[in-house]
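The structure appears below as structure tokens.
Rule-based calculations on the coordinates, nothing more; no lab input. Values in this document were obtained by computation on a predicted structure and should not be read as measured data. Here the Cβ is made from the backbone with ideal geometry for all residues, glycine too, and neighbour counts use every protein chain on show.
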Amino acid sequence: MSESTPRKRSRLACTLCQSRKRKCSGGQPCSTCAQTGAECQYNARKKRARSHSLYQASLSERPTDGWSNAVPNTISGTASATVQASPRRASTSEGVTHSLQANSGAAFVRKLGLKIDPAHAPRLQLFAWNVGERMLSPELSSALPSMPVTAPTPANITKILSQEEMRRLAAIYFEKVDPCYKFLDRKMIFTRVSKRWESSSPIDSEEQPYDAVLCGVAAFGYLFSRREIIAMELRLIDTARILLDKSILAAETPSIEIVTGWVLRAAYLRMTASPHAAWMASCTLMHLIEAAGLHLETSDPEAIDLLQESPPGICGSQDGDIGHQGTSDPETRRRLFGMARHLNTWISFDLGRSRVVLHGATALSPTSTPQSRKPAQQAPPRVPRAELFHLLPLSENLDPTGPSPQDLPELETALTSVLDLLYSEPSLILVQCNLILCIYRRLRALNPHGPLSSNLLDRVLALAGRGLRAARGMVASTCPWHQVANVPFQVVCSLLAIDNRAALALLADAMLTLREVLAAYDTPSMREAYSTAYLLIALHQRRKEDDTRALAEVLRVNAAAAAPADDRNDKPVSRTAFTDQSQKQEQEQTAPDVPTKPYLFVICYLLTSVFATNRAEFRWF
């Protein structure tokens, strides 16, 4: 067959199958490489055929459970053991595929399992995506068959909750959620609550767009105060969903109220729903941001026609003026845009999917926390308070579709920058730890045999310990952030990949944290995550035991050759023989040197005589 018309089979074969002249399944990894645990790589010039085969493999090998249907079953080959002098010279397509694998925690777990034991490695799926779906309360479970929880039309929030209950739930939100997701103003929210419940106008008794914001705040209040879902939380979720879904079909430009409601919805789904639902909500949120022009500064002439004035009071301005709120507040716009980018970026990274990038964005980064957004009892800090938005540029730089892929020095610089940030809020510590673990996966993909210096590695392990302590504290205080489940699981996998004494010493703490999360939120998702982590540790231990047996066999076979020469022919070598020989050597080292040659005795006698004769002269020296 001529080279101009190659065989069809070779176009879908990996390099290992080509060299062995075996039939390749075309998957990633292929069946042969999966059985042997070898690195499955394809030539860059056959990227198109490879991508098609990967897509077909992902359709045929996806898990059947609902939590994993959204995860594409693709995993690219790992980087070679040696790092080339210039990683930027590599093919762009190979770099994008490789970075997608490194960004995804699911791919990292799969690759770790294949490295430890290819025959028993966990399948490719997202473990510990969150603490799992909300469990029904006992009273709701018994009343659910005869109780219409949802309705085709949104309910009035004033008919669902009393004003006192709404204020209680809002206080829980600002106590537990706002320190991390800081885009709402406490004073403005409570002002709108008072107006909504105290108004007697017929117009106010109907549904309003701002009800989606209040429903989202109240739903978070229940989420962070109860481990089981109740009927009122279900009605709040359904009311917000109907209001927000109607806004997509509306002819007018989405208002700040609608965008704020979508931010709350995407964040809530990230903590309670499946990966696909959260990803779709985050992408929709980014498109609404663009439609509302929130990615543009208000001073930009192009943004003037995109703005639609909303009723006041969504998010407070720095001066606290209620009457001049809405789209004119640049800080509100920046924080909503920042929240949308954060949610969409990290959900896309975890799933290995593309994120929504708004080209031509001119919005600046959010400034430090305004005084009106801080609690009254909080003293002003001496240093600028670190927030979630400080990590956003570093997170977006990990996008493999960016203008320039990052190499080892750039990733190490980013790692140092993140480690230098000091967070005291437990939720922000988990966000910082999640970013550190992602950067570490990227570094390990580029250089598997030595991604970090000992100093940086010690700092990463120290931050991982802080993250585990923060996760346990949040579980105890009923704060079911998604990082509470995700970070401990990824820490377990990273510790097994690091595989040194310090990392293995932290492994017990990581499993303890994962077990406490499982005890608090006993969901199928958490049970699967804990059992998978236990399996990885068991496989790692089995591999260590196999290595120990191999070393013991080498010592047994070569024990006779290592025995002393005098004892080889007289008696068998044993542990006692080695002990006696070592003791004999120690006695010889501590005993005074006695010459054994005759002429050495003469020399020693002469030197002693000279010293005795001239003792008086030597006493001064």
Nearest-0.05 FRET efficiency for Glu396 and Ala119 at R0 = 45 Å, using Cβ-Cβ distance, is 0.70
Need one number: nm distance between label points at Asp245 and Glu297, each 7 Å from Cα along Cα→Cβ, rounded to one decimal. 4.0
Taking only the alpha carbons of segment 406-542, the radius of gyration and the largest Cα-Cα distance, Dmax, both in angstrom, are 14.6, 42
Before anything else, pin down the relative contact order of segment 406-542: Cα pairs under 8 Å, at least 6 apart, normalised by residue count, whole percent. 23
Mind sorting Thr253, Thr345 by how few other Cβ atoms lie within 10 Å of their own Cβ, fewest first? Thr253, Thr345
Name the residues of segment 463-502 whose amide N is less than 12 Å from a point 7 angstrom out from the Cα of Arg527 along the C-beta direction? none
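Go ahead and run the numbers for FRET between Leu136 and Ala361, Cβ-Cβ distance against an R0 of 56 Å, rounding to 0.05.
Calculated value: 0.85.
What is the fewest-to-most order of Lys246, Lys176, Lys159 by other Cβ atoms lying within 10 Å of their Cβ?
Lys159, Lys246, Lys176
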Using r as the Cβ-Cβ distance of Leu419 and Ala508, and R0 as 30 Å, what FRET efficiency do you calculate, to the nearest 0.05? 0.80
